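**Q** Structure incoming, see below.
The values are calculated or read from the model by the stated rules, or taken from the named source; none is laboratory data. What you see is a predicted model, and the numbers here were worked out from it, not measured in a lab. Note that we place each Cβ from the backbone using ideal geometry, even for glycine, and neighbour counts take in every protein chain shown. What goes into the accessible areas is simple: the full protein's heavy atoms, side chains included, and nothing from ligands, DNA or RNA. Shrake-Rupley method; radii C 1.70, N 1.55, O 1.52, S 1.80 Å.
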Amino acid sequence: MGKGGEKGGEPEAQSRFYTWEEIQKHNQRTDGWLVIQRKVYNVTQWVNRHPGGYRVISHCAGEDATDAFQAFHINPTLVQKFLKPLLIGELAPGEPSQGLDKNSQLVEDFRTLRKTAEDMNLFRANPLFFSLYLGHIIAMEVLAWLMVSYFGTGWITTLILACILTTSQAQAGWLQHDFGHLSVFKKSSWNHIVHKFIIGHLKGASANWWNHRHFQHHAKPNIFKKDPDVNMLHIFVLGDIQPVEYGKKKLKYLPYNHQHEYFFLIFPPLLIPVYFQIQIISTMIRRRFWADLAWAISYYMRYFITYIPFYGILGSLSLLTFVRFLESHWFVWVTQMNHIPMEIDCEKHRDWLSSQLAATCNIEQSFFNDWFTGHLNFQIEHHLFPTMPRHNFWKVKPLVKSLCAKHGVQYEEKPLGKAFADIIGSLKKSGDLWLDAYLHK
């Protein structure tokens, strides 16, 4: 190694060289190094200030984070000013750029593919698409109010009203997802502002809560202890490894061999109206996200001012709960169909493309599927390029499929109905693995 300190400062760090063996030792939140384009950064003191949350950056500690860095930041040049003081050196000559045990050709081919997508302007959003999308959400909100104003509060009208509001909420959920991923405007700040408006004022949720949770999922999809979406609080066991571990340890918080049955009673109906609501409110208060709390309060004020004159306080609260209940079903089936049937395991330190393809699958394209899922039927392309506007996924899809075919990486696509069925089939398979291990191992 050359001479130089480790506390940051580019001039001092330029002569310092590190091997992957040394870098991989610094893989904790309290001692974390990252490699980005062969530069080594000590992010230990930075993690708590990271706008995307400390967990997502800590999950990449001790690794080559080049592709993750490019995936999450729409203006890497701007972010470099934050990285500069954290620079402590670079990879030693002869050390592979991608880390140990990586397919260097696959990594380079993927980075070439990303450059091709950039040259094709696939990261440029169509303002008309997102304007019309927001417009159709607001139109549904107005239609719901007009219906109850004109037709009254009968059961049929209320049921139709609930369906309209559910559709509006679901579609607003997909739209906030776009702005949360910085895929609409060229400036991050503009995306953040509109994101807070949509998720806060149109949905009553927290932008910071969503960012800190969802970015972890994207960085390490289907990885236990890193992806919060597979933290099932002992209610379900997922994949092929966790059920066997639970079975061998004789852990039986619930009868997991029946989880494919009680899934219908617990997951779709309760995720949004119970678990997410508790988590969102507690996070905003505990983490002091006061701006998010103000936006959320504005949603509830608007909703109750609109509907209390028709339904009263209790009736309006019941209507909102029913809408959340319906939306939760929509959200769970769409978001879980791409991930639960895929590989769910502990950290394997794969390259970016391989890790995303192992954890995601696509759903066949159609106008309905695009709208119903918010283009999450292109889950593979979305996970590879989170900041790409969703209306361009179909354009990059052939390039991704070609690259996967070249390197023998499985690219899975299925019909919508089969994707739903695979959720239940996967839960049943995991439950059977648990029962076998519980009884016989």
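**Q** Is at least one residue of region 236-259 out of contact with any helix residue (DSSP H, G or I) (no Cβ under 8 Å at 6 or more places or on another chain), of a type in the set (A, V, I, L, M) and modelled with pLDDT under 95?
**A** no
**Q** May I pose another question? Among the residues of region 410-422, is there at least one that is buried (at least 19 other Cβ atoms within 10 Å of the Cβ), touching a Leu at 6+ places or on another chain (Cβ under 9 Å) and in a helix (DSSP H, G or I)?
**A** no
**Q** Restricting to region 91-121, count the residues that are surrounded by fewer than 20 Cβ atoms within 10 Å (Cβ to Cβ) and in contact with a Lys or Arg (Cβ under 6 Å, 6 or more places away or on another chain).
**A** 1
**Q** Only one residue in 441, 429 is open to solvent by 70 Å² or more (accessible area, probe 1.4 Å) and either in contact with a helix residue (DSSP H, G or I) (Cβ under 6 Å, 6 or more places away or on another chain) or among the polar types (S, T, N, Q) (or both), so which one is that?
**A** Criteria check complete, one pass: 441.
**Q** Within region 98-157, can you find the residues that are over 26 Å from residue 23 (Cβ atoms) and not in a helix (DSSP H, G or I)?
**A** 120, 121, 122, 123, 124, 125, 126, 152, 153, 154
**Q** So for region 309-320 (the condition being surrounded by 15 or more Cβ atoms within 10 Å (Cβ to Cβ) and closer than 25 Å to residue 194 by Cα), does at least one residue qualify?
**A** Taking every residue of region 309-320 in turn, at least one turns out to be surrounded by 15 or more Cβ atoms within 10 Å (Cβ to Cβ) and closer than 25 Å to residue 194 by Cα.
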